[in-house]
Amino acid sequence: MLIIFWLTAFELNLLPSYILPSPFMVGERLHELWVDGYFLPSLAASLRRMAAGFACSVCIGLMFGLAMGTNRMLNECLKSFFLGLQTLPTVAWVPISLLIFGLKERGIYFVIVMSSTPAIAISTADGIAGIPTLYLRAAQTLGTPPYAMGWRVIFPAALPRIVTGIKLGWTLGWHGAVSAELIKASLGLGFLLHMGRELNDMPQVIGIMIVTILFGVLLDRFLFGAIEKRIQRRWGLASNH
């Protein structure tokens, strides 16, 4: 439906073609990037950076979230700090990474970590703190030893909230990665956006934007969506319809 509206607007010449190219012009430009060998390496570079940076974010976020969720005083001290970081636009980390790392690729990893870690830490802490005390008492009554409470009771009970935080963290980290690549990279989706802007190539800019959106939607549906459904079935939260 959106493509129909887009094509109609182009045919009616509501905006100049250099501002609003047709879907066919965008598709043709993406095909040219593919044939010229720019598209796949750029996509692979962005995914590689995102995978490495996000893996660090998950480890750091879970570590802080576990500590905050099990220590009330620590939670009161750090939660506001992470909430403040989460409200900061991801692009705001790019100038800081430039000052610290220059144009080195480590700066992109820094932006990803700083963009996604707060959401993971907050969701993990809230998930653990929100576990009903009855669950813990029932587990103790049934003979669960103290050393096994974490991985037998606390982590599984908090898992739905943790997955939600990881999902949000991925989205924010993806925003940060593309934003950093606009300035700091010579390969990546953000770099292709930058080159499209420099060359006044609107089809390339819109095409890369569409690719970025589609990748996020597909990942949400087929990866995080599948994980959430599995957790819901495991805990009896899935709808029967």
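The figures follow:
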| quantity | calculated |
| --- | --- |
| Enumeration of residues in segment 4-18 that are under 18 Å from I210 (Cα atoms) and surrounded by 10 or more Cβ atoms within 10 Å (Cβ to Cβ) | W6, L7, A9, F10, S17, Y18 |
| Residue under evaluation G176, criteria (1) free of Cβ contacts under 8 Å to residues at least 24 places away in the same chain; (2) in a helix (DSSP H, G or I); (3) within 26 Å of the chain's Cα centre (by Cα), criterion not met | (1) |
| From V178, V153, residue being in contact with a Leu (Cβ under 7 Å, 6 or more places away or on another chain) and over 30 Å from S97 (Cα atoms) | V153 |
| Selection from segment 62-83 of residues that are surrounded by 12 or more Cβ atoms within 10 Å (Cβ to Cβ), polar (S, T, N, Q) and either within 30 Å of E181 (Cα to Cα) or in contact (Cβ under 8 Å) with a residue 40 or more places away in the chain (or both) | T70, N75 |
| Any hit, segment 168-179, residues being more than 23 Å from M63 (Cα to Cα), touching a His at 6+ places or on another chain (Cβ under 9 Å) and crowded, with 21+ Cβ neighbours inside 10 Å | no |
| Scope segment 25-42; condition surrounded by 14 or more Cβ atoms within 10 Å (Cβ to Cβ) and over 15 Å from I206 (Cα atoms); matching residues | Y38, S42 |
| Elements of type helices (runs of 4 or more DSSP H) in segment 24-120, at least 2 residues being among the small types (G, A, S) | 39-70, 72-87 |
| Unmet criterion (only one of (1) surrounded by fewer than 19 Cβ atoms within 10 Å (Cβ to Cβ); (2) more than 16 Å from F215 (Cβ to Cβ); (3) touching a residue at least 40 places away in the same chain (Cβ under 8 Å)) for R137 | (3) |
| In segment 175-226, the residues that are closer than 19 Å to I112 by Cα and of a type in the set (D, E, K, R) | E181, K184, D220 |
| Cβ-Cβ under 9 Å pairs, at least 6 apart or on other chains, segment 84-108 side within 16 Å of G190 (Cα to Cα), far side among the acidic types (D, E) and surrounded by 12 or more Cβ atoms within 10 Å (Cβ to Cβ) | I108/E181 |
| Within segment 52-87, considering residues that are over 22 Å from the mean Cα position of the chain (by Cα) and polar (S, T, N, Q), the one modelled with the lowest pLDDT | T70 |
| Condition met for W170 (modelled with pLDDT of 85 or more, aromatic (F, W, Y) and part of a helix (DSSP H, G or I)) | yes |
| Filter pass, L223 being modelled with pLDDT under 90 and not in a loop (DSSP other than H, G, I, E, B) | yes |
| Filtered residue count, segment 89-102, keeping only those that are surrounded by 13 or more Cβ atoms within 10 Å (Cβ to Cβ) and over 19 Å from C59 (Cβ atoms) | 8 |
| Filter pass, S22 being more than 20 Å from I213 (Cα to Cα) and surrounded by 12 or more Cβ atoms within 10 Å (Cβ to Cβ) | no |
| Residue match in segment 188-206 (condition: touching a residue at least 60 places away in the same chain (Cβ under 8 Å) and of a type in the set (S, T, N, Q)) | yes |
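Rundown of residues vs (1) at pLDDT below 85; (2) of a type outside the set (S, T, Y), yes/no style:
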| position | (1), (2) |
| --- | --- |
| W93 | no, yes |
| Y109 | no, no |
| M114 | no, yes |
| T124 | no, no |
| R137 | yes, yes |
| G143 | yes, yes |
| T164 | no, no |
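The values are calculated or read from the model by the stated rules, or taken from the named source; none is laboratory data. The structure displayed is predicted, hence computed values, not measured ones. Don't worry about glycine lacking a Cβ; one is built from the backbone with ideal geometry, like all the others, and counts go over all protein chains shown.
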